[in-house]
Amino acid sequence: MAKKYYAVRAGRKTGVFTTWDECKSAVSGFSGAAYKSFTNKDDALDFVNADVKRGNDDKEDEKQSEAFAYVDGSYDDTTKSYSYGMVMMHGEEELHFFKKFEQDDMSDMRNVAGEIEGSMAAMKYCMDHNINSISIFYDYEGIEKWCNGDWKAKKEGTRRYVKFYEDTSKYVDVDFIKVKGHSGDKYNDLADELAKRALGLI
């Protein structure tokens, strides 16, 4: 997995950070925060140091430049329902979403079905809010591998997911970042909690 660099051009603290927690602390609650993730440190430094003398339209575009979302899924053995939980961070906002899905053709994928729906919901949020790039943090490896072709999408649900990703990625730059599930990652744990809440499991 490529190393990530989080560049903050405008925030409580500016510079290049190597963890999302550091980046979030620098931009959370800061009006007009400008930040973006990179896999190359030099590119991140260029973003921080770039000339910021531009018109209002450009400034608005920059504020919309990137979102971060943590997604997770849950499953109820009794009802065969599944769900997703999502923590979406964009600019000053930290938004929490969750949704339940009744038994359908994806239920046999259990909690993975929910994580797929959460990933698609994160992409759709970007489309609906004119956000041109997003980093999606996930814990089930198929969330990325179906999209990049490492895994073949054999089921109807996964084929639908890949098609949704391909259509969205024409307009939104989607970056996938794997996190270890139930490892104490604050936002991943929160996404897991939201998914369980959708099913009434907590």
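Quick note: the coordinates plus some simple rules give every number you see, no bench work behind them. In this text, all values refer to a predicted model and were calculated from it rather than measured experimentally. As a convention, Cβ positions derive from the backbone with ideal geometry for all residues, glycine included, and neighbour counts pool all protein chains shown.
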If one builds a Gaussian network model of the chain from Cα atoms under 10 Å apart, the most fluctuating residue listed among Lys80, Lys36, Lys99 is Lys80
Check the straight Cα-Cα distances from Lys13 and name the aspartates and glutamates below 18 Å, setting aside those fewer than 8 residues away within the same chain. Asp21, Glu22, Asp46, Asp51, Glu62, Glu66, Glu92, Glu93
If each residue of separation counts as 0.36 nm, what is the full-extension length gain between Glu166 and Thr19 once their alpha-carbon separation is subtracted? 50.1 nm
In the range 67-198, what is the count of Lys pairs whose alpha carbons are under 16 Å apart, counting only pairs at least 8 residues apart or on separate chains? 18
How far apart, in nm, are the 7 Å Cα→Cβ label points at Arg197 and Phe30? 2.7 nm
Beta carbons within 10 angstrom, averaged per residue: use that to sort the peptides 105-111, 163-169, highest first. 105-111, 163-169
Summing +1 per Lys or Arg and -1 per Asp or Glu among the other residues with Cβ less than 11 Å from Asp173's Cβ gives 0
